[in-house]
Amino acid sequence: MNADTLETLRYPIGHFVKPEVVTELILADWIAELEALPVDLEDLVSGFTKSQLDTPYREGGWTVRQVVHHLADSHHHSYTRFKWALTENSPVIKAYDEKKWAELPDTKSAPIDLSLQHLKIVHLKLVKLLREMSKEDFNRDFIHPVGERRITLEENAGHYAWHGKHHFAHIERLAQREGWIPAL
Ligand code: NI
């Protein structure tokens with residue numbers, strides 16, 4: 001397998017690139033994408049068999065089950081980061097070891113319905129929050145301890161809209177390659 005293929009498998013929709021200017025339209029699109037993710041994901045995976053759920057999305061990658069649980073873990077963190085930044089001044093957030101988290105039993109082998117429900121509720125609350133945030137709220141920020149990077153809530157919204165689509169594409173492309181769903 002050449003490097004290009006591995007890159008395409010790992011980043012099927014490319015990396016997140018923050019637009020120079022985030023217009024209200026772009027922000028509204030990101031929020032709509034966050035709103036759609038849990039339902040789209042459930043539609044995609046709810047008919048999968050146990051062995052399909054335990055298939056890695058690429059050689060050496062996470063299984064479909066791990067990807068679904070990772071989305072719940074990750075977006076739960078993101079929701080908390082929004083709340084921290086809205087209530088504290090530039091707080092330093094806590095990173096977590098997502099690779100090790102993905103090996104814990106609630107991620108490695110638990111029914112995906114737990115995380116589909118978790119993700120659905122977290123996104124309902126997150127979207128409610130985002131839809132009522134002002135421009136000033138979106139300019140608030142937190143500090144990520146890795147590289148001490150300052151991340152605005154505007155960027156965080158875009159990043160997690162991308163992150164949902166990124167992992168959705170992992171599962172969708174796998175299902176198309178395997179013939180579980182029709183290819184486009
Ligand atoms: Ni991820």
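The values are calculated or read from the model by the stated rules, or taken from the named source; none is laboratory data. This is a predicted model, so every value here is computed, not measured. Don't worry about glycine lacking a Cβ; one is built from the backbone with ideal geometry, like all the others, and counts go over all protein chains shown.
A few remarks follow.
- For the range 88-96, the criterion of being out of contact with any Phe, Trp or Tyr (no Cβ under 9 Å at 6 or more places or on another chain), farther than 30 Å from Thr5 by Cβ and of a type in the set (Lys, Arg) is met by at least one residue.
- Tally, over the range 122-147, of residues that are touching a residue at least 24 places away in the same chain (Cβ under 8 Å) and either aromatic (Phe, Trp, Tyr) or farther than 18 Å from Glu33 by Cβ (or both): 9
- Listed here are the helices (runs of 4 or more DSSP H) enclosed by the range 70-184 that have at least 2 residues being surrounded by fewer than 18 Cβ atoms within 10 Å (Cβ to Cβ) and more than 16 Å from the ligand (Cβ to nearest atom): 105-108, 112-131, 135-139, 153-177.
- Matching residues, the range 45-58, being touching a Ser or Thr at 6+ places or on another chain (Cβ under 8 Å) and not in a helix (DSSP H, G or I): Asp54, Thr55, Pro56, Tyr57
- Evaluation of Gly61 against (1) over 24 Å from Ala157 (Cα atoms); (2) within 14 Å of the ligand (Cβ to nearest atom); (3) assigned to a helix (DSSP H, G or I) (one fails), failing number: (3)
- Residue match in the range 11-28 (condition: of a type in the set (A, V, I, L, M, F, W, C), within 14 Å of the ligand (Cβ to nearest atom), part of a helix (DSSP H, G or I) and at pLDDT 95 or above): no
- Residues (surrounded by 14 or more Cβ atoms within 10 Å (Cβ to Cβ) and either polar (S, T, N, Q) or at positive phi (or both)) located in the range 52-69: Gln52, Thr55, Thr63, Gln66
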